[in-house]
Amino acid sequence: METRDIARLLLAEEIVDYFDIVKAKEDKKEERLDIYLDEKYIEPEAGCESKGFREAQVIRDFPIRGNAVYLHVRRRKWQLPDGSIFSKTYDLTHLGTRITKEFAAFLKEAHRV
């Protein structure tokens, strides 16, 4: 099994498809795992140029082996040929929260029980 296959088991499919894991850091004292992700270089249209990254968005995900998991997601800034700057949008979090959609659904279901 390859690293990408393992990542697919642990992270949302959209994250694995559009972001690279650049670093993971475990804090045993805090029982916390921080995973740092950068948007892959996938040109949105011909002539666009990457102009670095936006500030990381921190999203809470499912705990792994007793550790709280925080995803630090950086989206690229793209410049169009006309000079305007934009970033792609991804539907990673549950509406109005800082947790992944899948984790929110799990918590909602667990709360019903």
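The values are calculated or read from the model by the stated rules, or taken from the named source; none is laboratory data. In this text, all values refer to a predicted model and were calculated from it rather than measured experimentally. In this analysis, Cβ positions are derived from the backbone assuming ideal geometry, glycine residues included, and neighbour counts consider all displayed protein chains.
In the stretch 1-29, what residues are under 11 Å from the mean Cα position of the chain (by Cα) and loosely packed, with under 11 Cβ neighbours inside 10 Å?
If the condition is that a residue be under 11 Å from the mean Cα position of the chain (by Cα) and loosely packed, with under 11 Cβ neighbours inside 10 Å, then E13 is the only one that fits.
Any residue at all in the stretch 35-50 that's in a helix (DSSP H, G or I), surrounded by 14 or more Cβ atoms within 10 Å (Cβ to Cβ) and of a type outside the set (D, E)? Don't jump to the end; show me each part of the working.
Keep residues of the stretch 35-50 that are in a helix (DSSP H, G or I), which gives none.
Checked the stretch 35-50: no residue is in a helix (DSSP H, G or I), surrounded by 14 or more Cβ atoms within 10 Å (Cβ to Cβ) and of a type outside the set (D, E).
Is it true that L107 is surrounded by 12 or more Cβ atoms within 10 Å (Cβ to Cβ) and either touching a helix residue (DSSP H, G or I) at 6+ places or on another chain (Cβ under 8 Å) or free of Cβ contacts under 8 Å to residues at least 40 places away in the same chain (or both)? Give the steps one after another, and end with the answer.
Working: surrounded by 12 or more Cβ atoms within 10 Å (Cβ to Cβ): yes; either touching a helix residue (DSSP H, G or I) at 6+ places or on another chain (Cβ under 8 Å) or free of Cβ contacts under 8 Å to residues at least 40 places away in the same chain (or both): yes.
The answer is yes for L107.
Here are some residues: R74, R32, R54. Which one is surrounded by 11 or more Cβ atoms within 10 Å (Cβ to Cβ) and under 11 Å from the mean Cα position of the chain (by Cα)? Give the derivation first.
Numbers: R32 fails: under 11 Å from the mean Cα position of the chain (by Cα); R54 fails: under 11 Å from the mean Cα position of the chain (by Cα).
After ruling out the rest, the residue left standing is R74.
Check L80 against each of (1) surrounded by 13 or more Cβ atoms within 10 Å (Cβ to Cβ); (2) within 15 Å of V16 (Cα to Cα) and name the one condition it does not meet.
(2)
Looking at (1) over 18 Å from D91 (Cα atoms); (2) part of a strand (DSSP E or B); (3) at pLDDT below 95, which is the one condition that is false for F62?
Among (1) over 18 Å from D91 (Cα atoms); (2) part of a strand (DSSP E or B); (3) at pLDDT below 95, the lone unmet condition for F62 is (1).
Which of the residues that make up the stretch 1-37 are touching a strand residue (DSSP E or B) at 6+ places or on another chain (Cβ under 8 Å) and among the β-branched types (V, I, T)?
Result: I15, I21, V22, I35.
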